[in-house]
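Step one of this worksheet: look at the structure below.
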Amino acid sequence: MRSARILSVILAGTAALSALGGCGLAGQRSQPFGIATTSMAVCQILDRLNIDGVVGIPSAAEDIDLPERYKDVRTIGSAMTPDMEILSQVNPEVVIVPRTLEAGLSAQFESAGIDAMYFDLSSVEGMYDDIDALGEKYGRQAEAAALRAEYETYVAENRAESETPSKVLVLMAYPGRFYLIVTADSYVGNLIELAGGENVYDENYITDGSGVAAVNTEHMIRTDPDKIVVFAHYDEENAFKYMREEIQTGEIWQSFRAVREGEVYYLSSDDGFGMSANLGWFESFDYLTDTVFAENGAA
């Protein structure tokens, strides 16, 4: 009788594990379900697309105004260092990652047997192209079309118009006392063009694909920008402190007409400026049209 009771307990336990999709059996995983993302920007896009099947969100979401529908979703680490063990546990059908991180993460996802989708956050235009693709993939075409219409209408009605658009030199400052030029093939560079400016380093300027490059000052002077805008890669306070000192005291910077005419602007993260596109781009766009390009006829 005792052996019969033991056998019944074992069988009951085995049945319970089977009901959970075999989660307790070594080397087996349940059927993949839902979407995970390492990007807060993508998380907000999924919410606007009315997608509920999200099983993993970035850890940074704990400190941000997270969409209500994802409040109880498990966090899976940061965009640059997702936790592969947790991802394997939540077992998504796909994890959506910023495309700029593909080279550094693709091998890890492949090794873990996790399918990845790489989302373009390097420009506003690229972001909406991939929103269209998500809408098509998950049957949310109407929601994606509404987002695109909102974007295209806003740009058309609010961009600064001028027969001769301002030529803009865009710089990304680092607190480590250096800076890079930013091309139109980047989030802030693309915003400049959408708002009605002309980036002196357009999307055809060759970079490593990141939209930034090191260029000597003499070359920048020859572009003769009407305006210079600066944003920070991180640690904005110290990055901006460095650039202000550099531009105000560096003799070569006085060769820039934009510097002599006081046309240098610092684009703060408080106004939505950063490394990646997101659905809050309207705020940054408004800053550009209302402040940087105000004399070009912006509201």
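Quick check: is even one residue across the stretch 210-222 charged (D, E, K, R), out of contact with any Ser or Thr (no Cβ under 6 Å at 6 or more places or on another chain) and more than 13 Å from VAL188 (Cα to Cα)? Taking every residue of the stretch 210-222 in turn, at least one turns out to be charged (D, E, K, R), out of contact with any Ser or Thr (no Cβ under 6 Å at 6 or more places or on another chain) and more than 13 Å from VAL188 (Cα to Cα).
The residues on offer are MET220, MET172, MET127, and the sole one that is open to solvent by less than 20 Å² (accessible area, probe 1.4 Å), farther than 14 Å from TRP281 by Cβ and in a helix (DSSP H, G or I) is MET220. Going through (1) open to solvent by 30 Å² or more (accessible area, probe 1.4 Å); (2) in contact with a strand residue (DSSP E or B) (Cβ under 8 Å, 6 or more places away or on another chain); (3) free of Cβ contacts under 8 Å to residues at least 24 places away in the same chain one by one, ASP226 falls short only on (3). Checking each residue in the stretch 131-161 for being open to solvent by 50 Å² or more (accessible area, probe 1.4 Å) and assigned to a loop (DSSP other than H, G, I, E, B) picks out TYR138, ARG140, ARG159, GLU161.
Of the numbered criteria (1) open to solvent by 40 Å² or more (accessible area, probe 1.4 Å); (2) at pLDDT 95 or above, the one ALA107 fails is (2). On inspection, TYR179 does not qualify as farther than 23 Å from ASP290 by Cα, in contact with a Pro (Cβ under 8 Å, 6 or more places away or on another chain) and among the aromatic types (Phe, Trp, Tyr).
Scan PHE240, PHE282 and give me the residue that is open to solvent by 20 Å² or more (accessible area, probe 1.4 Å) and part of a helix (DSSP H, G or I).
Every option except PHE282 fails the conditions.
Considering (1) part of a helix (DSSP H, G or I); (2) hydrophobic (A, V, I, L, M, F, W, C); (3) over 29 Å from VAL215 (Cα atoms); (4) open to solvent by 10 Å² or more (accessible area, probe 1.4 Å), the lone condition that MET117 does not fulfil carries the number (1).
Filter the stretch 227-237 down to the residues that are assigned to a strand (DSSP E or B) and touching a Ser or Thr at 6+ places or on another chain (Cβ under 9 Å) and list them by number. Scanning the stretch 227-237 gives LYS227, PHE231, ALA232. Scanning the stretch 175-200 for residues that are at pLDDT 90 or above, open to solvent by less than 30 Å² (accessible area, probe 1.4 Å) and of a type in the set (Ser, Thr, Tyr) turns up just one, TYR187.
For the stretch 12-31, indicate whether the set of residues that are in contact with a helix residue (DSSP H, G or I) (Cβ under 6 Å, 6 or more places away or on another chain) and either at pLDDT 90 or above or outside any helix (DSSP H, G or I) (or both) is non-empty. Yes: the stretch 12-31 contains one or more residues that are in contact with a helix residue (DSSP H, G or I) (Cβ under 6 Å, 6 or more places away or on another chain) and either at pLDDT 90 or above or outside any helix (DSSP H, G or I) (or both).
Considering (1) hydroxyl-bearing (Ser, Thr, Tyr); (2) within 18 Å of the chain's Cα centre (by Cα); (3) not in a loop (DSSP other than H, G, I, E, B), the lone condition that SER122 does not fulfil carries the number (3). Restricting attention to the stretch 243-260, the residues being at pLDDT 95 or above and in a loop (DSSP other than H, G, I, E, B) number 1.
Selection over the stretch 40-58 of residues that are open to solvent by 10 Å² or more (accessible area, probe 1.4 Å) and within 20 Å of GLU102 (Cα to Cα) gives a count of 2.
The values are calculated or read from the model by the stated rules, or taken from the named source; none is laboratory data. Since the model is a prediction, treat every value here as computed from it, not as a measurement. Cβ: placed from backbone, ideal geometry, glycine included. Neighbour counts: every protein chain shown. The area values use the complete protein model at the heavy-atom level, side chains included, leaving out ligands, DNA and RNA. Shrake-Rupley method; radii C 1.70, N 1.55, O 1.52, S 1.80 Å.
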